[in-house]
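Working notes, structure below.
Read-outs: derived from the displayed coordinates by stated rules, not from any lab. Remember, predicted model here, so these are calculated numbers, not experimental data. Ideal geometry is used to build each Cβ from the backbone, glycine not excepted, and the neighbour counts take in all protein chains shown.
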Amino acid sequence: MSVFQDYARYYDSLYEEKDYKAECDFLEQVYAKYASGKVATVLDLGCGTGGHAQLLAKRGYRVTGVDRSTQMLAQARSKTAGVSPAPEFTSGDIRSVDLGRTFDAVIAMFAVIGYMTTNEDLLAALKTARRHLKPGGVFVFDAWSGLAVLTERPSDRYKIVERGDDRIIRFVHPELDALQHTVDVHYKVLHLCGNQVAEEVDEVHTMRYLFPQELAHHLTQAGFHVRKLCPFLRLTDDLGERDWNLAVVAAAV
């Protein structure tokens, strides 16, 4: 089963606390510090339901989002209806999509790059970003840090979201494969209406965690130079072994 099918319907509810404003503030920090010119156009690879695209468009950026989930794209288009300048959303695989134009910045947020579980897929996605980047532009993405994954180890957890008589309960069971640098994240989502189960969704998302030197190697192969590697949302800090989410800023060579 492809990821983000039935699970996509519950995505925004399950991540309603995600601080898109802080993340877009971080992106603008990066643009101000590392882009060689003004950033006006942004390509959002793996845009999902358009959370970043919506806020960036409201801040005046011309945003193009790409995602392979038609369910996520439908929500993104609905969410950004009436926003000006209106984001453009396109169905495509970030390993191979070619829009035939370049952008001032390329982003891949919320561990999108972590879904590239083979070296071939990872390099293909990085080359997509490079192909769409103007000279002097920046590529920004976040990922799971292997330093933290192996230090703290992923664990079972659950989350409950309540909407009147409706409840959404998500159970997460991770299975670590240290040799493959991946975690199989088993999601079970129960949608309860009163005491009745209205829907049950099961999906497995295989996520890759990445290490600093590994990232530098693959980015170099794709035609990038690493400008900054830091804890996510903390541009001036150094990455530590307990920082689960890392951020990467890369520039075209």
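Worth pointing out:
- Protection proxy ranking of 129-139, 47-57 - average other beta-carbon atoms within 10 Å, highest first: 47-57, 129-139
- Spherically averaged projected area of the convex hull of Cα atoms, region 155-253: 8.9 nm².
- Residue exposure proxy: 168, 113, 94, ordered by other Cβ atoms within 10 angstrom of their Cβ from fewest to most, comes out as 168, 94, 113.
- At full extension, residue 211 and residue 166 could sit 12.1 nm farther apart than now, given 0.36 nm per residue minus the alpha carbon distance.
- Here region 148-207 has an Rg and Dmax of 14.3, 44 Å, counting Cα atoms alone.
- Other residues lying with their Cβ under 9 Å from the Cβ of residue 109 contribute a combined charge of -3, Lys and Arg counting +1, Asp and Glu -1.
- With 0.36 nm allotted per residue and the present C-alpha distance subtracted, the residue 131-residue 190 stretch has 17.2 nm of extension available.
- With both residues required to sit in the chain, DSSP beta bridges show an antiparallel share near 70%.
- Electrostatic tally near residue 249: other residues with Cβ closer than 10 Å to its Cβ, Lys and Arg +1, Asp and Glu -1, net +3.
- Applying 0.36 nm per residue to the separation of residue 84 and residue 120 and subtracting their alpha-carbon distance, the gain on full extension is 9.2 nm.
- Simple spin-label estimate for residue 253 and residue 221 gives 1.3 nm between the two label positions (7 Å along the Cα-to-Cβ direction from each Cα).
- Whether the chain is rounded, prolate or oblate, judged on the alpha carbon gyration tensor where a/c under 1.5 counts as rounded: oblate
- Per-pair calculated FRET efficiency, R0 = 35 Å: residue 93 and residue 157 via Cβ, rounded to 0.05: 0.75
- Per-residue ellipticity at 222 nm, computed for the chain from helices alone with -39500 (n - 2.57) per DSSP H run of at least four residues, works out to -7500 deg cm²/dmol.
- Estimated translational D of region 1-66 in µm²/s (Stokes, Kirkwood radius over Cα pairs; 10 °C; 1.306 mPa s): 121
- Label zone of residue 15 (point 7 Å out along Cα→Cβ, amide N under 16 Å): in region 199-222 this covers 203-208.
- Summing Lys and Arg as +1 and Asp and Glu as -1 over all other residues whose Cβ lies under 15 Å from the Cβ of residue 175 gives a net charge of -1.
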